[in-house]
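S.K.: Dropping a structure here in structure tokens format, bear with me for questions.
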């Protein structure tokens with residue numbers, strides 16, 4: 001289930017952001033003590049930010065936000081899909097199901113908007129997920145000492 005972030009999710013947000021496993025391809029984890037000081041009571045409360053809830057517990061986060069600054073000009077101004085999941089939730093299809101649901105929501109709100117996704121090519125799970133969700137490669141580039149992949153999901157055609 002996707003839902004709005006709540007104050008009870010703060011502990012899991014800290015766990016996600018401080019996890020070396022979660023941030024293997026994202027530039028490394030943030031220091032837990034810094035997160036404890038800086039994260040608001042209910043982190044991530046804005047349109048397009050969803051908590052992935054499994055049986056009443058947060059297992060991840062989906063983000064759909066406008067790419068105002070990006071390493072690649074092809075992404076600027078488009079919606080950018082991001083996601084984080086706790087390692088214990090990996091391998092069960094939750095990311096595919098949750099990202100697809102968030103994209104369905106987005107298509108209902110802004111049906112003519114394309115969506116971009118960026119990941120390291122070494123992140124094979126994210127590369128597979130991008131393909132499952134219908135993203136096609138726009139370009140590859142180097143950043144943070146690694147090859148990055150930028151994919152685009154075209155907007156839905158208008159319904160008759």
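Every number here is computed from the coordinates shown, using simple stated rules; none is lab data. Please read all numbers here as calculations on a predicted model, not as lab measurements. Glycine also receives a Cβ, built like all others from the backbone with ideal geometry; neighbour counts cover every protein chain displayed.
S.K.: Just order 91-100, 31-40 by mean Cβ neighbour count inside 10 Å, highest at the front, would you? Don't jump to the answer; show the numbers that get you there.
M.R.: Values: 91-100: 16.5, 31-40: 12.3.
For the peptides 91-100, 31-40, the packing ranking is 91-100, 31-40.
S.K.: Right, something else. Quick check: pseudo-label points 7 Å beyond the Cα along Cα→Cβ at residue 122 and residue 46, how many nm apart are they?
M.R.: Roughly 2.9 nm, to one decimal.
S.K.: log10 I(q)/I(0), Debye, Cα-only the chain, no solvent, q = 0.21 Å⁻¹?
M.R.: -1.58
S.K.: Put a dot 7 Å past each Cα toward the Cβ at residue 105 and residue 63; how far apart are the dots in nm?
M.R.: Label-label distance for residue 63 and residue 105, simple model: 1.5 nm.
S.K.: Still on this structure: Per residue of the chain, what 222 nm ellipticity follows from adding -39500 (n - 2.57) for every DSSP H run with n ≥ 4, rounded to the nearest 500?
M.R.: -7500 deg cm²/dmol
S.K.: Given a Förster distance of 22 angstrom, what is the FRET efficiency for residue 53 paired with residue 26, based on the Cβ-Cβ distance and rounded to 0.05?
M.R.: It comes out at approximately 0.50.
S.K.: Let me ask something else. Can you figure out the FRET efficiency of residue 137 with residue 33, using R₀ = 35 Å and their beta-carbon distance, to the nearest 0.05?
M.R.: Efficiency at R0 = 35 Å is approximately 0.35.
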